[in-house]
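These notes are about the structure you will find just below.
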Amino acid sequence: MLLYLPKGVEKAPLFMGYNFYGNHTVVNDPHILISEAWARNNDSLGIVDNHLDEKSRGVRTSRWAIEKMIDAGFGLATIYYGEVDPDKDDMSDGIQSLFYTNYQQVPADNEWGSIAAWSWGLSRAMDYLEEDIDVDASRVIVFGHSRLGKTSLWAGATDQRFAAVISNNSGCGGAALSKRKFGETVWRINTAFPHWFCNNFNSYNNNEEQLPVDQHELLALIAPRPLYVASAAEDEWADPYGEFLATLYATPVYQLYNKRGVNSTEMPTVNEPIQNTVAYHIRTGKHDVTNYDWDQYIKWAKEQLFK
Ligand code: GTR
């Protein structure tokens, strides 16, 4: 885990989320260790070769507005997701294998895939943060982009210690409604990424009508804690309208707690966020995490967690 804390804040609230390419890619800081897991998953030789690996230092800084977080009094905790489970269709090299019983070699059909494994890892990170006296563990906002946004939603639903949840462009299996079958479908995601969900999810390939739940119910499980869902206008694959509708349909559950959700039935205009306990925005641009996204998340997190 890489942890940045703001100076002069006794116990810092935090954004916490996984990164795709290694801790050393999120900030251009020569002190960040290049992890062995990163080398194993990204280099053919699987050994840390400082000369080669130095080239990737700082290559993802555009996705992590750390200066903005620090200026706003927030810290950042981030972990390379491959530390917990490499993102491959292989159930022997991730955390799952340590839980197998008897001669088990793969998870049972109703047991966890990679997304649930990554979420589990976030909860273990939270176990640590609760022990860190420099951190305000009651104000940890779990964040994730794309497959890691699916992961942050599941972490938020399964672990109430996360004070707030952010899904950035999470799409199918994240914030987007599966039954709309728009952009990435259940069949498509289960075929391209067979290791992400439990095997039972395959029963709904080209059979979304039979799903007993849809993703707005996942969002509702996070209530009454603050939830932010964000889409991008050029990210049709993630179905922005389906992501918006899920926040709308999760809203009645927030209302049971007297919390404000998304109050308009119409898709908001681009770059005009709705920020209540449930927040939503669609920004211009493509599938990514931008400074615009972080400006919104920071403003909203301050309002929600410090009002
Ligand atoms: C895509 C996948 C999406 C999303 C994305 C990502 O290939 O179809 O569901 O998860 O990857 O995580 O970058």
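Name the chymotrypsin sites (Phe, Trp or Tyr not before Pro) in the range 94-144 that are in a loop by DSSP and that have at most 14 other C-beta atoms within 10 Å, would you?
Taking the range 94-144 and a limit of 14 other Cβ atoms within 10 Å, the loop chymotrypsin sites (Phe, Trp or Tyr not before Pro) found are Tyr103.
Identify all lysines with a Cα-Cα distance to Lys68 below 27 Å; exclude those on the same chain that are fewer than 8 residues away in sequence.
Answer for Lys68, where 27 Å is the Cα cut-off: Lys7, Lys11, Lys55, Lys150, Lys286, Lys299, Lys302, Lys307, listed by chain and number.
Run the numbers on the chain and let me know its relative contact order in percent, using alpha-carbon pairs under 8 Å that are six or more apart.
16
Show Thr284, Thr277 ordered by accessible area, largest first, where the area counts protein heavy atoms only and the probe is 1.4 Å.
Thr284, Thr277
Take the Cα radius of gyration of the range 51-126 and divide it by 2.2 N^0.38 Å, with N its residue count; two decimals is plenty.
1.46
Show me the GluC sites (Glu not before Pro) within the range 1-75 that DSSP assigns to loop and that have at most 16 other Cβ atoms within 10 Å of their Cβ.
Glu10
Using a Debye calculation, one point per C-alpha and no hydration shell, please list log10 I(q)/I(0) for the range 159-227 at q = 0.12, 0.18 Å⁻¹ in order.
So the normalised log intensities are -0.34, -0.73.
Per residue of the range 107-116, in order, report the coupling 6.51 cos²θ - 1.76 cosθ + 1.60 (Karplus, θ = phi - 60°) as ³J(HN,Hα) in whole Hz, putting x for Gly and Pro.
With coefficients 6.51, -1.76 and 1.60, one gets x, 5, 4, 9, 9, 5, x, 5, 4, 5 Hz.
For the range 1-112, what does the convex hull of the Cα positions come to per residue, in cubic angstrom?
139
On average, how much area does the Cα convex hull of the chain cover when viewed from any direction, in nm²?
That works out to 16.3 nm², a quarter of the Cα hull's surface.
The values are calculated or read from the model by the stated rules, or taken from the named source; none is laboratory data. The shown structure was predicted, so the numbers you read here are calculated from the model rather than taken from an experiment. Note that we place each Cβ from the backbone using ideal geometry, even for glycine, and neighbour counts take in every protein chain shown. The accessibility values were calculated without ligands, DNA or RNA, using every heavy atom of the protein model including side chains. Shrake-Rupley method; radii C 1.70, N 1.55, O 1.52, S 1.80 Å.
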